[in-house]
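Working notes, structure below.
The values are calculated or read from the model by the stated rules, or taken from the named source; none is laboratory data. Model, not experiment: these values are computed from the prediction. Don't worry about glycine lacking a Cβ; one is built from the backbone with ideal geometry, like all the others, and counts go over all protein chains shown.
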Amino acid sequence: MEKKYRIKINEFNNGEKRYIPQVGKPKLSLGKYVHLNYEWKNIIMDDLKTFQTTTSITYFYETEEKALTIVEGYKKYILEKDGQKANKTTYKYL
């Protein structure tokens, strides 16, 4: 199942808005009925331009465009990371 992305917008009492980029991972909820939910995590980019996701840390961006840039950078980061995983391993015995 595919991940989803969103930008969480917090609007404060003084009228300011802050934006939080998030990624959602599909998760089955079991109970009386089985249904699909998403577990949302905040996307954090550190000074070294690496990304992590967390539910315990929140970083606000002042513009929606900056938050969107973080989401797009995270997507690119995940694609590069997935491309470095081994797809097939074989052995040659001597």
Quick one: is Lys41 closer than 21 Å to Lys81 by Cβ and either charged (D, E, K, R) or touching a Phe, Trp or Tyr at 6+ places or on another chain (Cβ under 9 Å) (or both)? yes
For the subset of the range 12-71 comprising residues that are part of a loop (DSSP other than H, G, I, E, B) and of a type in the set (Val, Ile, Thr), which member is surrounded by the fewest Cβ atoms within 10 Å (Cβ to Cβ)? Val34
For the range 33-58, give me each residue that is at pLDDT below 85 and among the charged types (D, E, K, R). Asp46, Asp47, Lys49
Within 15 Å of the chain's Cα centre (by Cα), exposed (fewer than 13 other Cβ atoms within 10 Å of the Cβ) and part of a helix (DSSP H, G or I): is that true of Lys76 in this structure? yes
Against the definition (of a type in the set (Phe, Trp, Tyr) and either part of a helix (DSSP H, G or I) or in contact with a Pro (Cβ under 9 Å, 6 or more places away or on another chain) (or both)), how does Tyr93 come out, yes or no? no
Of all residues in the range 18-59, which are touching a strand residue (DSSP E or B) at 6+ places or on another chain (Cβ under 8 Å), free of Cβ contacts under 8 Å to residues at least 12 places away in the same chain and not β-branched (Val, Ile, Thr)? Leu28, Ser29, His35, Asn37, Asp46, Gln52
